[in-house]
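Contents: one structure, followed by commentary.
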Amino acid sequence: MAVPVIDFSKLNGEERAKTMAQIANGCEEWGFFQLINHGIPEELLERVKKVAAEFYKLEREENFKNSKSVKLLSDLVEKKSSEKLEHADWEDVITLLDDNEWPEKTPGFRETMAKYRAELKKLAEKVMEVMDENLGLTKGYIKKALNGGDGDNAFFGTKVSHYPPCPHPGLVKGLRAHTDAGGVILLLQDDKVGGLQMLKDGQWIDVQPLPNAIVINTGDQIEVLSNGRYKSCWHRVLVTPDGNRRSIASFYNPSFKATICPAPQLVEKEDQQVNQTYPKFVFGDYMSVYAEQKFLPKEPRFQAVRAM
């Protein structure tokens, strides 16, 4: 079983209907799929990978050696117990937003990543339009819901992560299993070093590295907006004793003030009992719950936010 790989350029030709169906299947049956020929120039992607690698070497590698995760793992190994590191991730990560502090020491980092983020945001909006059409919603419905109206208020963040070689990969995860809180997630993963896995029908499946593909996965808010047609999917990252895995994930999430609920058109068509699954809530309230419960089952999060 392999995560679906979809040629996004075929949306504009004779195979449009087939491509729309492939994306619908990716959203309904998987919650993960990979896009090739997605329109982001390969030359830009190569620059992104280059500046990310240089940034880690120059600005992060030494810090990671003194990080809490390294210390906790070292203490655990010294104890010689059969325990695993359950509450930490073997990950070095920074988040880029339009208005926060960006790394300054790595040549070309800021301009390259800013350009990349602009391209990815456009791609996210194209993917959301395909979801609108597949769900029978008006064009721009999901984008408007995430932006809390017609403005450009969505939260668009980019996590630049590295999962360095780990001397005891059996004792710690790169990133513990979770679903993503937000809307549409777009990932440029490592060309060679695997480790990302998604949960499908009770089995962990590798999201196979595919150079310059963009991996798409749907977050909890797309599950709510689609009234459960598109489920957010559990995923995790494993670490390896050799190879430093690079991962650049961008999140097109709702504005913290946006009100999220199932699209009324989708509620009318479904059985009335299904309506009770997803409440109406403000995304900022959901994030307060998610911050405490990220690595726990998602259903209680919906219940907790219903009670607010």
*asked:* Exceeding 21 Å between C-alpha atoms, which entries from my cross-link table qualify? They are 65/298; 126/231; 231/298.
replied: 65/298
_If you scale each eigenvalue of the Cα gyration tensor by 5 and take the root, what three semi-axes come out for the range 5-307, rounded to whole angstrom and sorted largest first?_
32, 24, 19
*Sequence-distant or interchain residues sharing an amide H contact under 5 Å with residue 245, placed H: which?*
163
*Pop out the ³J(HN,Hα) list for the range 77-88 in order, Karplus 6.51 cos²θ - 1.76 cosθ + 1.60 with θ = phi - 60°, rounded to Hz; leave Gly and Pro as x.*
5, 4, 5, 6, 8, 8, 6, 10, 7, 8, 10, 8
_Give me the net charge for the shell around residue 1: Cβ to Cβ below 13 angstrom, other residues only, Lys and Arg +1, Asp and Glu -1._
-2
*What residues have an amide H closer than 5 Å to that of residue 227, excluding those fewer than 5 places away on the same chain, when H is modeled at 1.01 Å from N in the peptide plane?*
263
*Non-local amide H neighbours of residue 40 (under 5 Å, H modeled in plane, Pro and chain starts lacking H): which ones?*
none
*asked:* Helix-only estimate, please: 222 nm mean residue ellipticity of the chain, summing -39500 (n - 2.57) across DSSP H runs of length 4 or more and dividing by its residues, to the nearest 500.
replied: -10500 deg cm²/dmol
*Near residue 112, within a Cβ-to-Cβ distance under 12 Å, what is the net charge of the other residues, with Lys and Arg +1 and Asp and Glu -1?*
+1
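Extension gain residue 17-residue 5, at 0.36 nm per residue separation less the Cα-Cα distance, in nm?
Full-extension gain reported as 2.7 nm.
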*May I ask you to evaluate 6.51 cos²θ - 1.76 cosθ + 1.60, the Karplus curve with θ = phi - 60°, for each residue of the range 115-126 and list the ³J(HN,Hα) values in order in whole Hz, giving x for glycine and proline?*
5, 4, 4, 5, 5, 5, 4, 4, 5, 4, 5, 5
*For the range 204-216, what does the Karplus curve 6.51 cos²θ - 1.76 cosθ + 1.60, with θ = phi - 60°, yield as ³J(HN,Hα) per residue in whole Hz, taken in order and with x for Gly and Pro?*
7, 10, 5, 8, 4, x, 9, x, 6, 6, 10, 7, 10
_Mean-position separation - Cα centroids, the range 126-188 and the range 189-221, in angstrom_ = 13 Å
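What pairs from 80/105; 105/159; 79/173; 159/257; 57/173 go past 29 Å between their alpha carbons?
80/105, as the Cα separations exceed 29 Å there.
Where a number appears in this text, it was derived from the coordinates with a stated rule and is not lab data. Remember, predicted model here, so these are calculated numbers, not experimental data. Cβ atoms come from the backbone with ideal geometry, glycine included; neighbour counts cover every protein chain shown.
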